[in-house]
Structure formats: C-alpha cells, structure tokens
Amino acid sequence: MIVSWSLPPAISIIFHVPSWVEKSEAMDVRASTSPFSPNIADTLGEVSIFTAAGDPVFFKDLWDQNQGIAVVALLRHFGCPCSWELASALKEAKPKFDAAGVKLVAVGVGTPNKARILADRLPFPMDCLYADPERKAYDILGLYYGFGRTFFTPAIAKVFSRFGALQKAVKNYTIKATPDDKSGVLQQGGMFVFKGKQLLYARKDEGVGDHAPLDDIFDVCCKVPVA
C-alpha cells in the first residue's frame, strides 16, 4: 500500500508499507505509560550496545554517571528518512550542546555497519553515534513499537511541517541503511536527558516523524548547573 502523493523517492519511503509488514502477525505495541523507575539509569547503564565503529560499550560509560549531563536521542532505524532528519538537526545543535557541557548520544536501530552508512552519507559524527541492533535500550525505556505506530499514526503529518529540512537531510540517503532484521522498522524512538543517573526529561515519540523539539531539550539542559 503506497500513498499516492508525488514525493522524492527517499521521502516517499516514509509512506510505503512493505509487503513483508502486511503479511506480519506481529501487530502488538510494546509501550509503557507507567512512570520510569528511579533506578532507570542503573538499569539502562548495564545495556551493552555498539559504537558506530563496531566496539561494544555499556550505556553507563557514555557519560559521567555522577554529574555529567547527557542528551540521549534514540532514533528509529538507520534507514528511516526521519532518522536522517533528526540526526541532521542533532548535528546542527551539537556545537550548542558542546558549549553548554552537554554530551550528545545518538542511538539507532541496526548494526554498526548501518550506522556508518548514515554517518558517512549525512554526514554525522561517529563519536556520537551508537547502534542497538537488538533494541535492548528501546525495550527498557518502553518506547513504542508496532505496525500502527509506524504506518497509521497522526504524528506522520508533522513530517510535512518540516519538509524542507527533511529534503535537505536525505540528499545522500540510501535505503541500504535499513536493518537486515526488518522487524526493527516498527520501532519508534524517544528523547531523554540525564544528569548523572538522574532522569530529567523523557519523551516517547508517538510515531514516525514525531520528535522532541530540540529547543525544549536545550532549555532543560540549561536549567541544570554543570558541575
């Protein structure tokens, strides 16, 4: 099923429902509306993911667990044009975060080689980019997952309000960044701000194209004194 608007190929992918999904029986949504545990940073800290270069790393080693401030952006999969758009916005905001002493951590669904495709072609700094092929961090944080959230969500209308930014971000896009494990395309992302192990801000993306406003994220960071 394809929406019939005339869109550039990279952007029209957002509105394309692959045939394998139409045949899938995995229609449940993994979501949690309960408050985050006070120990969420400890739980997340033990999750092992990969750097874009392919080295395993624990979340707890990505920022100072005592007083360090970190913006943790969980993208959708590396082959989603909306992930490229968000990554582009994060790259543009990085100097601002750096000046404020804030560590930027961007995580995507897929293997490290898929992360490198995005890093090379967007481009995006590899030292800020991580891969979570098994979506372990996404599960722990209770981020939304499922067919409806991906292909039939009102949130996708937000894409059109950022159409220019999206077009720019996907200039060098390639579908080859899509995970080989296609179940990963149903995963939604989210945005989190930590000070050490304290969770200051948490937002789950409602669906494709729904991102936290980076100005709001920066405001949260600026309200916290950097030790």
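Every number in this text was worked out from the coordinates using simple rules, so none of it is lab data. Worth saying up front: this structure is predicted, and the values here are computed from it rather than measured. So basically every Cβ, Gly included, is an ideal-geometry build from the backbone, and we count neighbours across all protein chains shown.
Around Leu122, under 13 Å between beta carbons, what's the net of Lys plus Arg minus Asp minus Glu among the other residues?
Here the count lands on +4.
What FRET efficiency comes out for the pair Phe163/Arg121, r = Cβ-Cβ distance, R0 = 22 Å, nearest 0.05?
0.65
Running Debye on the range 66-122 with equal point scatterers at the Cα sites and no solvent, what base-10 log of I(q)/I(0) appears at q = 0.19, 0.22, 0.28, 0.31 Å⁻¹?
Result of the Debye calculation: -0.67, -0.85, -1.14, -1.26.
Would you mind classifying the range 30-156 by shape? Square roots of the alpha carbon gyration tensor eigenvalues, ordered a ≥ b ≥ c; an a/c under 1.5 is rounded, otherwise it is prolate if a/b is larger than b/c and oblate if not.
The shape class here is rounded.
Compute the length gained on full extension between Asn113 and Glu92: take 0.36 nm times their separation in residues and subtract their Cα-Cα distance, giving the result in nm to one decimal.
Going from the current span to full extension adds 5.3 nm.
Is there a pair in Lys94/Lys197; Lys114/Lys204; Lys96/Lys204; Lys114/Lys223 whose C-alpha atoms are over 31 Å apart, and which pairs would that be?
In this structure, Lys114/Lys223 exceed 31 Å between Cα atoms.
Report the calculated FRET efficiency for Asp61 and Ile175 (r = Cβ-Cβ distance, R0 = 35 Å), to the nearest 0.05.
Efficiency, from the Cβ-Cβ distance: 0.65.
Bin all alpha-carbon pair distances of the range 82-181 at 10 Å intervals from 0 and give each bin's fraction as a whole percent.
In order of increasing distance, the bins hold 14, 40, 41, 5 percent.
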